[in-house]
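Comments concern the structure below.
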Amino acid sequence: MASARAIVEAEVRESVRRRVLDPGAVPQHLQNIQTLIDEAVGAYAHRSSSVALPPLGDATEVAKVVRDSLAGFGQLQPLLDDPAIEELWINAPDRIFIARQGRSELTTLVLSRDEIAELVERMLRTSGRRVDVSTPFVDATLPDGSRLHVVIAPITRGHPAVNIRKFVPGVRTLDELVALGSIPAQVMRFLEASVRAGLNILVSGGTQAGKTTLLNALCAAIPAAERVVTVEEVFELQLRAPDVVALQTRPASLDGTGEVGLRKLVVEALRMRPARLIVGEVRQAECLDLLVALNSGLPGMCTLHANSAREALVKMCTLPLLAGANVSAGFVVPTVASAVDLVVQVGMLPDGTRRIREVVAVTGRVEGEVIETSELFATRNARLVRAGGHLADVERFAAAGVDVAELLRPFGTG
């Protein structure tokens, strides 16, 4: 015999079908579905008092499970609702993992292959994106801002691989990162002043190191009068500035046309009168277009995967070469040296906490195709302290009314 929850869910599902309610397409329908659920649970409780039916149990819990199934993401919804869970991924129907504070753990949840396929379809419904044999990879954003990545067979071995990197709205500013212990107050004030002064900043680090979180916090320091244009593969940044235009890429249609990549978006962004250009993550040839924009005097920031600040600069010199055979290192290396002002390296400690590991200034000089840098802040004995480096260009700080010497005074112990 079907359970009370299954009976209630079937009744509500039929009512939703008859009324053509779709909370993914029409958010207002969510309240209508909740009303139907409440009515169905109440009606079931009333019937069960006079007819032999499976026990209802906790009516509130039954209503939540039915709502998650119809308007949420089913059995995954409690995991997505848990604020302590940062990421969730599915390797197979019985291999579903979560990450808390950077540490992964296998859950007891088991889904069928059909349930996973249905969940993926539901997650992609509002994004306008698809995944099929011709397009076996997809990146998309869930309604709450979480990032979804899906890969299907035959690229994977049998089962779809699903990864959901949850959007955590808690950290918005550099002050909040100081409160979390991710950055010393003096380094925070220096980075905040660097943003106000219009320095070009590259945030580098490994996967899940907190690059996007730091970039979002840095963007909060942009003066309110400036117009900001952001370019991302999928929307992740959450800027609260008054004048912001957010752009994201678009995959090709079924006939292979209509694709809009990051390179195109960077070029289009320059036509939108930006005072700041923010690229969520630089991965490929769009690095060349970003460098050209920064080298023209437009302040900007971006993130990049790298193991150190030095490796980030090397990668910035390598990625533009993907743009074509006519792009040479002889052009790219001095362009990077003149376009990038600061590299901020972030990392995740073994206990899962995120920290700024180093802040490096780019002097603008090149020696033997090696970009010269000056270490401003470095990690010594597991603490971020003032290093011995200095800025080559302090005029922009002075123009912004900032005493950079005070911000770069020694602190901590080496």
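The values are calculated or read from the model by the stated rules, or taken from the named source; none is laboratory data. What you see is a predicted model; the values in this text were computed from it and never measured. Every residue, glycine as well, gets a Cβ built from its backbone with ideal geometry; the counts of neighbours run over all protein chains shown. Ligands, DNA and RNA are excluded from the accessible area calculation, which covers all protein heavy atoms including side chains. Shrake-Rupley method; radii C 1.70, N 1.55, O 1.52, S 1.80 Å.
So the values come out like this:
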| item | result |
| --- | --- |
| Given (1) open to solvent by 40 Å² or more (accessible area, probe 1.4 Å); (2) of a type in the set (S, T, N, Q); (3) touching a Phe, Trp or Tyr at 6+ places or on another chain (Cβ under 8 Å), index of the condition Ser146 fails | (1) |
| In the range 229-255, the residues that are buried (at least 16 other Cβ atoms within 10 Å of the Cβ), among the hydroxyl-bearing types (Ser, Thr, Tyr) and part of a loop (DSSP other than H, G, I, E, B) | Thr249 |
| The range 61-78: number of residues that are crowded, with 17+ Cβ neighbours inside 10 Å, in a helix (DSSP H, G or I) and not small (Gly, Ala, Ser) | 9 |
| The lone exception for Ser49 - which of (1) within 28 Å of Gly352 (Cβ to Cβ); (2) without any contact (Cβ under 8 Å) to a residue 40 or more places away in the chain it fails | (1) |
| Strands (runs of 3 or more DSSP E) fully within the range 135-212 counting 1 or more residues that are of a type in the set (D, E, K, R) and touching a strand residue (DSSP E or B) at 6+ places or on another chain (Cβ under 7 Å) | 137-141, 147-151, 161-165 |
| Residue within the range 358-367 that is among the charged types (D, E, K, R), part of a loop (DSSP other than H, G, I, E, B) and either open to solvent by 30 Å² or more (accessible area, probe 1.4 Å) or touching a residue at least 12 places away in the same chain (Cβ under 8 Å) (or both) present | no |
| Complete set of residues in the range 202-231 that are farther than 20 Å from Gln345 by Cα and among the charged types (D, E, K, R) | Glu226, Arg227 |
| Qualifying positions in the range 377-398 - surrounded by 11 or more Cβ atoms within 10 Å (Cβ to Cβ) and assigned to a helix (DSSP H, G or I) | Arg396, Phe397, Ala398 |
